[in-house]
Amino acid sequence: MSWWQNAVVYQIYPKSFQDSNGDGIGDLPGIISRLDELQQLGIDAIWLSPVYQSPGFDNGYDIADYEAIDPQFGTMGDVDTLIAAAKKRNIRIIMDLVVNHTSDQHAWFKQSRSSRNDPKRDWYVWRDPVDGHEPNDMTSTFSGSAWTLDEQTGQYYLHLFSPQQPDLNWENPDVRHAVYAMMNRWIDRGIGGFRLDVIDLIGKIPDQEIRENGPHLHEYLQEMNAATFGRADLMTVGETWGATPEIAKQYSDPERHELSMVFQFETMQLDQKPGEPKWHTIPLDLDLLKQTLIKWQTELDYQHGWNSLFWNNHDLPRIVSRWGNDGQYRERSASMFAILLHLMRGTPYIYQGEEIGMTNRPVTSIDEVNDIESRNWYAEQLVQGQSAETLIQQINTMGRDNARTPMQWDATPHAGFTTGTPWLAENANYDHINVKQALADPNSVWHVYQRLIQLRHQNPIVVHGDFEPLTTDSGVMAYVRSFEGERWLVVANLTDQPQHFNQPNISEILLANVEPITTQLQPYQAYVAKLAQ
């Protein structure tokens, strides 16, 4: 068994986690100062969103130098200190890495765009105009064409994200080997692995308008594995928006020597109108939610693949506001989502603040919005006649800033995140939703997460057990995990209404977010119990 199968990973968005110097921006010394709290929670690894040198156009996912730390976060010495301090607490550092594209300020791109004859010209994707226009109709994830004309050389370059994020040309072996060499230098620093941003795009074939899952994608990943992390006991997780269970097996089957696991987003897109931008939401169909969760538990063969489990990350709105109830039942619905997810097969991820039930922060004006994706959508749709009111409502529902507000540590000004002015305004509810308050309350969401992590670490059934879904009413999800003669029942009421569930014979309640346990489930009640033999 690999260590990461038994692990719980905690994602830190450094800009919003803890500021140590009063400039309003979270930093590496701030993270180091909070390692004791994370150790107390029980996590095994930290996925660190990018801290590399960057113009910050896409909050660090536009990397200008893979081997320099952005001064707002600290120094490379701080990274080494973080790796060492985390290791003392048996916590590994997983670096977030973007190798599909770089910043347009990266030395490689500056060289590439300097001349058509430069040796690095072919490190990026350049094409001649077609009839005086873009080479084809490929679009950017951040709105508009995926092609930008470079006036100096008269060619277009490809960017599947912003024009400030030109795509690397993975068909060029020199590019691949430069990336692998850089990865190896990070491995030598003692990191625990990589989270690979939009990794399913590196096999793109722009001339055929193929974005994800291109024909050479898995070949590149096998080459990367052999050249880098395959030689060490490291965890790798790929961000793959278009993955199915079959595709996930290709990435994560140990015999294929690619990645440990992937992030798949089928579940997290269930409240979006099919084929439309994420801003066009529909009510969540609970039966579809259950079917999708069950599909990923039963169709991803665990002898030949591995799953990641998550509700939240830096790109997604807070789950308690999105599918739970962030008012009357905030704590109960937050803990229900935790219990439902963490007892499934796969490696669970906690996004900073999820463990205290942090909520979305609504805005009233675009002036309060930082996220480039949200701002671009607003500008584009306003021109097309959408009302500002509708667009702000969409941003409040699905915008990425919801996940990026400062971590809420205590009830002191700015939630204990900074002594200065935070780069993004904190949520006003920090006076009662914060880590200090959660630690003091034995029934808090935080303590549910701590107990779930303990259950995983102490019971092989959580990692290795078979998964069997039970037939239930629409508003209830229930399943049984079984391993070496032991059977655990997990039950969750997904709604704010009482629900009926005929429970089998229980011998011991292991964890519940509300008592008592009867055939009548209370709103958002969830529990895990041992079944009688």
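General observations
Each row is one residue, and each column tells you yes or no for (1) among the acidic types (Asp, Glu); (2) touching a helix residue (DSSP H, G or I) at 6+ places or on another chain (Cβ under 6 Å); (3) modelled with pLDDT of 95 or more; (4) closer than 15 Å to Val98 by Cα.
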| position | (1), (2), (3), (4) |
| --- | --- |
| Met183 | no, no, yes, yes |
| Asp188 | yes, no, yes, no |
| Ile191 | no, no, yes, no |
| Ile199 | no, no, yes, yes |
| Gly203 | no, yes, yes, yes |
| Pro206 | no, no, yes, no |
| Phe229 | no, no, yes, no |
| Asp233 | yes, no, no, no |
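- Scanning region 157-179 for residues that are touching a helix residue (DSSP H, G or I) at 6+ places or on another chain (Cβ under 7 Å) and in a loop (DSSP other than H, G, I, E, B) gives Leu160, Ser162, Pro166, Asn169, Trp170, Asn172.
- Test set (1) at pLDDT below 95; (2) within 27 Å of Asp410 (Cβ to Cβ) - Leu38 fails condition number: (1)
- Residues of region 180-191 satisfying the condition of being surrounded by fewer than 17 Cβ atoms within 10 Å (Cβ to Cβ) and outside any helix (DSSP H, G or I): Arg189, Gly190
- Scope region 334-368; condition within 27 Å of Thr390 (Cα to Cα) and not charged (D, E, K, R); matching residues: Gly357, Met358, Thr359, Asn360, Pro362, Val363, Thr364, Ser365, Ile366
- Evaluation of Ile46 against (1) in contact with a Lys or Arg (Cβ under 9 Å, 6 or more places away or on another chain); (2) over 18 Å from Met261 (Cβ atoms) (one fails), failing number: (2)
- Single match in Glu368, Glu389, Glu468, Glu373 (criterion: at pLDDT below 95 and on the phi < 0 side of the Ramachandran plot): Glu373
- Residue satisfying all of: in region 363-389; outside any helix (DSSP H, G or I) and not β-branched (Val, Ile, Thr); surrounded by the most Cβ atoms within 10 Å (Cβ to Cβ) among these: Asp371
- Number of positions in region 365-423 that are out of contact with any Gly (no Cβ under 9 Å at 6 or more places or on another chain) and aromatic (Phe, Trp, Tyr): 1
- Within region 1-114, helices (runs of 4 or more DSSP H) holding 3 or more residues that are under 16 Å from Arg195 (Cβ atoms), touching a residue at least 24 places away in the same chain (Cβ under 8 Å) and assigned by the TED database to the domain that holds His414: 76-88
- Which listed residue is surrounded by fewer than 18 Cβ atoms within 10 Å (Cβ to Cβ), over 29 Å from Pro283 (Cα atoms) and in contact with a helix residue (DSSP H, G or I) (Cβ under 6 Å, 6 or more places away or on another chain), from Ala415, Ala438, Ala411: Ala411
The values are calculated or read from the model by the stated rules, or taken from the named source; none is laboratory data. Everything numeric here is computed off the predicted structure, so don't read it as measured data. Virtual Cβ from ideal backbone geometry, glycine too; neighbours counted across all protein chains shown.
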